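The values are calculated or read from the model by the stated rules, or taken from the named source; none is laboratory data. Not measured: the values here are computed from a predicted model. Cβ placement follows ideal geometry from the backbone for every residue including glycine, while neighbour counts extend to all protein chains displayed.
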Amino acid sequence: MSKLSAGHRSGQSDTQVSTEHAKLRIGQIKFTNALPICHFIDRSDPMHEFWPGAPSELNSWLADGTIDAGLVSAFAYAQLADDFVALRGLSVSSRGPVGSIFLFSKRPIEELSGCTVALTSHSASSTNLARILLGEIGVRDVNYVTQEPDLPSMLDGAEAAVLIADHALHWSVQDHGLQMYDLGEEWHTRTGHSMTFAVCAVPRRLVEQDPEKARGIHRLFLEGKRKGLGDLEAVIAEATRMMGQTEDFWRSYFSKLIYDLHEELAVGADAYFDAAYRHGLLTKPVKLELWGDES
Ligand SMILES: C=C(O[C@@H]1C=C(C(=O)O)C=C[C@H]1O)C(=O)O
């Protein structure tokens with residue numbers, strides 16, 4: 001049993017969610033890719049507590065009940081799909097290049113058989129996507145190691161490294177001479193599908209027992225996204241404050257990302273979950289289950 005499902009089975013989050021007057025603990029991705037959703041989220045409700053984190057932190061917080069709901073890796077949602085649904089209209093996805101999820105490699109991707117590949121400890125969706133893509137390309141006997149996202153030390157002992165989010169963005173514009181493979185683009189080229197990296201998960205139990213509370217979380221994120229996409233200047237100013245770079249850089253980056261989640265994007269997410277199952281990365285087949293209404 002995976003650590004994620006083991007943690008959730010302890011029932012911690014169920015207890016918390018059903019406690020009527022408890023604060024709702026809501027996870028948010030702390031990196032620039034999620035700013036168009038997260039930057040403008042209204043944090044004024046005293047019954048909401050916000051937990052910003054890297055995707056891998058959010059994934060384990062959701063699994064062990066530290067948070068009740070929020071943005072997590074799509075792969076982590078798939079592992080927890082018995083207990084969670086995904087909020088309609090909210091994701092971090094791309095249809096082709098994503099711009100911030102790369103395999104940085106000392107040699108062409110096809111020549112990585114028998115090599116060590118370092119995977120960032122911050123991700124679940126992209127690191128499993130890398131395993132799928134390398135497998136599909138026919139790369140065999142890879143020694144995968146998970147490490148903190150520091151490219152030079154990852155490449156000390158590895159032939160290639162996968163980074164996501166701000167760490168990947170940082171290295172994508174440096175002059176390092178490595179080959180760079182955008183995993184959103186590789187996935188799209190090979191399969192024709194979009195790729196969903198993050199979804200907003202809420203417990204099935206909350207949806208069934210207290211749908212108004214679930215709708216409250218949904219509205220909070222949808223309203224954040226509406227304001228973020230409606231005022232991209234402010235989002236870009238925040239991204240620039242966090243990481244530097246030019247306005248054009250951010251405009252081009254955010255134009256690659258899709259923040260919706262509907263039936264058409266679910267086809268891509270399901271194709272990814274199918275591939276993860278075929279490659280032995282998920283223990284059972286999973287379909288994305290969308291919940292709620294966007295209006
Ligand atoms: C677009 C990105 O997507 C992120 C990638 C994730 C993962 O690999 O698990 C999780 C959340 C997403 O926000 C990124 O990291 O740049």
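Based on this model, can you work out whether Ala74 counts as farther than 23 Å from Ala271 by Cα and either crowded, with 23+ Cβ neighbours inside 10 Å or within 14 Å of the ligand (Cβ to nearest atom) (or both)? It is false that Ala74 is farther than 23 Å from Ala271 by Cα and either crowded, with 23+ Cβ neighbours inside 10 Å or within 14 Å of the ligand (Cβ to nearest atom) (or both). Check whether at least one residue in segment 30-50 is modelled with pLDDT under 95, hydrophobic (A, V, I, L, M, F, W, C) and more than 16 Å from the ligand (Cβ to nearest atom), and report yes or no. Within segment 30-50, one or more residues are modelled with pLDDT under 95, hydrophobic (A, V, I, L, M, F, W, C) and more than 16 Å from the ligand (Cβ to nearest atom). Do the conditions hold for Gln174, that is, is it touching a Ser or Thr at 6+ places or on another chain (Cβ under 8 Å), more than 11 Å from the ligand (Cβ to nearest atom) and polar (S, T, N, Q)? For Gln174, the condition - touching a Ser or Thr at 6+ places or on another chain (Cβ under 8 Å), more than 11 Å from the ligand (Cβ to nearest atom) and polar (S, T, N, Q) - is not met. For Ala201, the test of being within 16 Å of the ligand (Cβ to nearest atom) and at pLDDT 95 or above is passed. Selection of segment 177-198 for residues being in a helix (DSSP H, G or I) and either in contact with a strand residue (DSSP E or B) (Cβ under 9 Å, 6 or more places away or on another chain) or near the ligand (Cβ under 10 Å from one of its atoms) (or both) yields Leu183, Gly184, Glu185, Glu186, Trp187, His188.
All of Glu111, Glu159 fail the test of being out of contact with any Leu (no Cβ under 8 Å at 6 or more places or on another chain), free of Cβ contacts under 8 Å to residues at least 60 places away in the same chain, farther than 21 Å from Ala276 by Cβ and of a type in the set (D, E, K, R), apart from Glu111. Asp166 passes every criterion in (1) within 16 Å of the ligand (Cβ to nearest atom); (2) closer than 23 Å to Ala269 by Cβ apart from (2). Checking each residue in segment 104-144 for being of a type in the set (A, V, I, L, M, F, W, C) and away from the ligand (no atom under 16 Å from the Cβ) picks out Ile109, Leu112, Cys115, Ile137, Val139, Val142.
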